[in-house]
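Single-structure report; data block below.
What follows draws every value from the coordinates through simple rules; no lab data is involved. Fair warning: this is a prediction, and the values are worked out from it, not measured in the lab. Because the Cβ atoms are built from the backbone with ideal geometry, glycine has one as well, and the counts that use them run over all protein chains shown.
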Amino acid sequence: MKRVIWFLLAMLLPLLLLVISCCGHVAPELTFHSLSGSCAAVEESTANISLEDGKVLFSGSVSTPTPCYDLEAEVELLTSSNTSYPRVIIVNITARERQGECIQCIGEIPFSGEIGLLDTGEYDILILYEGSTIGQQMIEVE
């Protein structure tokens, strides 16, 4: 019985190590902040993206139906088996209406954030608001 167990371990261990080594990427870490909204002068959503000390920094503002919205963000890393293509990082920002009374004007809500824990390599960074691209930048983490 012990021989069977050792045989199975010897056969499965290399496979397990292969899975861990090929898929052991650490997920990017997202930090996201949004500020209080105000009435907007222009109905536009934009984002700026930069790289500093191995972290992707982004900031901008989004347009909402009123200033009384809270923003949330999620990050997603898309990888390809073809290593000649850059990895794609998508930050998807969504707005959620706050309860209660609110001034009736087009809102503008500023935000900022950073993406850390990135492996070295080239990345295509996309900032989306409600599914539409508001910022995109190719960066290289060294």
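Once the cut-off is 19 Å, how many percent of the Cα-Cα pairs in the stretch 27-141 end up in the long-distance tail?
Percent of Cα pairs beyond 19 Å in the stretch 27-141: 46.
So which trypsin sites (Lys or Arg not before Pro) in the stretch 71-102 end up in coil per DSSP with only 15 or fewer other C-beta atoms within 10 Å?
Filter output for the stretch 71-102: Arg98.
Please list the non-local residues whose amide H lies under 5 Å from the amide H of Thr64, H modeled 1.01 Å from N, same-chain partners needing a gap of 5 or more.
The list, which skips near neighbours in sequence, is Gly107, Glu108, Ile109.
Counting pairs of alpha carbon atoms under 8 Å apart in space and at least six apart in sequence, what relative contact order in percent does the stretch 27-141 give? Spell out each step's value before the answer.
Working: 291 pairs, mean separation 41.4, N = 115.
Averaging sequence separation for qualifying contacts and normalising by length gives 36 percent for the stretch 27-141.
Please list 3J(HN,Hα) in residue order for the stretch 64-81, calculated via the Karplus relation 6.51 cos²θ - 1.76 cosθ + 1.60 where θ = phi - 60°; whole Hz, with x for glycine and proline.
10, x, 9, x, 8, 10, 10, 9, 10, 9, 10, 10, 9, 9, 9, 10, 10, 6
So, counting K/R as plus one and D/E as minus one, what does the shell of residues with Cβ under 15 Å around Thr83 add up to?
Value of the local net charge: -3.
Express in whole angstrom the spacing between the alpha-carbon centres of the stretch 123-142 and the stretch 47-80.
Cα centres, the stretch 123-142 to the stretch 47-80: 9 Å.
Whole-Hz Karplus ³J(HN,Hα) for the stretch 129-142, in order, using 6.51 cos²θ - 1.76 cosθ + 1.60 and θ = phi - 60°, x for Gly and Pro?
Result, rounded to whole Hz: 10, 6, x, 9, 6, 10, x, 8, 7, 8, 9, 10, 8, 9.
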